[in-house]
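Accompanying notes for the structure given below.
The values are calculated or read from the model by the stated rules, or taken from the named source; none is laboratory data. All values reported here derive from a predicted model rather than from experimental measurement. Glycine gets a Cβ as well: all are built from the backbone with ideal geometry, and neighbour counts include every protein chain shown. Surface areas here come from the heavy atoms of the whole protein model, side chains and all, with no ligands, DNA or RNA. Shrake-Rupley method; radii C 1.70, N 1.55, O 1.52, S 1.80 Å.
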Amino acid sequence: MRDAATVIRLVVAHGLSMTAAGVVAGVIGAAALSKSLEGLVFGVRPMDPVTFGWVVVMLLGVSLAACYLPAWRATRIAPTRALRSE
């Protein structure tokens, strides 16, 4: 079972590292463009930390699920069976 945990850890770490890079780029881009979009959004401050925080949490949560579930399912079948189906 140790090998399954290693596979899951590698897949999740790789997926979350890509997500983290995208989140950092997205937050920087959103912060840069928030002043220009200030007139289009009513009732929300341009640099609302609560909104930015929830978006980051939601993106990381969805990314974790999107990485973990397929990796977990992949560890439940034999590698030879998976390769044979391709």
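Points to keep in mind about this one:
- The residues neighbouring Leu69, those whose beta-carbon lies less than 15 Å from its own, together hold a net charge of +3 under the Lys/Arg +1, Asp/Glu -1 convention.
- Given charges at beta-carbon only (K, R positive; D, E negative), |dipole| of the chain in Debye: 400
- Per residue value of the accessible surface for the chain (all protein chains in place, 1.4 Å probe), Å²: 79
- Over the stretch 44-86, the pair-distance histogram of Cα-Cα distances with 5 Å bins from zero comes to 5, 18, 15, 13, 11, 9, 8, 7, 5, 5, 3 percent, rounded to whole numbers.
- Trypsin sites (Lys or Arg not before Pro) lying in DSSP loop within the stretch 1-71, provided at most 13 other Cβ fall within 10 Å: Lys35
- For the stretch 2-82, with +1 on Lys and Arg beta carbons and -1 on Asp and Glu, the positive-most of Val7, Val50, Met18 along the dipole: Val7
- Axis of helix 2-33 versus longest Cα principal axis of the chain: the two differ by about 20°, to the nearest ten degrees.
- Equivalent ellipsoid semi-axes, the chain, via Cα gyration tensor eigenvalues times 5, rooted, Å: 39, 11, 10
- Degrees between helix 49-74 axis and first principal axis of the chain (Cα, 0 to 90, nearest 10): 10
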